[in-house]
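Here is the structure we will look at, set down as structure tokens.
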Amino acid sequence: MNALYTILLLLASNIFMTLAWYGHLKLQQTGFFTNATPLIFVILLSWGIAFFEYCLQVPANRIGFAGNGGPFTLMQLKVIQEVITLLVFVVFSMVAFHVQLRWNHLLAAACLVAAVYFVFGFN
């Protein structure tokens, strides 16, 4: 169960992270922000969203880390987190910004699958 909890927490964490890092760009497109909006306001808003990312990321790593009795090595945790980050970003960019997936994006995804194989396959 620790593996499932870790992955679910990482997924939720990365949703908040993506919103904190890129959500303000969408809000600017919708007119919520303008170029005249003070940057410090946008930064503080992003930090406020990122707070929830950390509230989920830290427990995910503690639960999932083999040194704390979890199922994953440090390298495995990092690769899982990166794969989840990119998957969440792809969905976000397709939904919020209407980005079209191209062949090079799919090739990059295949490289991520290979990274997961290599980090899990040779313990």
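Where a number appears in this text, it was derived from the coordinates with a stated rule and is not lab data. Predicted model only: the values in this text are computed from it and were never measured. We place every Cβ from the backbone using ideal geometry, glycine too, and count neighbours over all the protein chains shown.
Remarks
- Contact order normalised by residue count of the chain, Cα under 8 Å, 6+ apart, percent: 32 percent
- The range 2-52 and the range 70-115 have Cα centres lying 18 Å from one another.
- When peptides 23-34, 66-77 are sorted by average Cβ neighbour count within 10 Å, with the highest value leading, the order is 66-77, 23-34.
- For residue 33, the residues whose modelled amide H falls within less than 5 Å of its own, excluding neighbours fewer than 5 places apart on the same chain, are 28.
- Working from Cα pairs under 8 Å separated by at least six residues, relative contact order for the range 7-76 is 38 percent.
- For the range 2-121, the fraction of alpha-carbon pairs in successive 5 Å shells from zero, as %: 2, 11, 17, 18, 17, 14, 11, 6, 3, 1, 0
- In loop segments of the range 43-123 as defined by DSSP, the trypsin sites (Lys or Arg not before Pro) with at most 16 further C-beta atoms inside 10 Å of their C-beta are 102.
- Tensor-based shape of the range 79-121 (alpha-carbon gyration tensor, a/c under 1.5 rounded, otherwise prolate or oblate): oblate
- Sorted by Cβ neighbour density within 10 Å, fewest at the top, the residues 103, 21: 103, 21
- Note on residue 78 and residue 108: the model spin-label points, each 7 Å out from Cα along the C-beta direction, lie 2.0 nm apart.
- Global form of the range 41-100, assessed from the alpha-carbon gyration tensor, a/c cut-off 1.5: oblate
- Where only DSSP H runs of four or more residues are counted, the chain gives -28000 deg cm²/dmol as its mean residue ellipticity at 222 nm, each run worth -39500 (n - 2.57).
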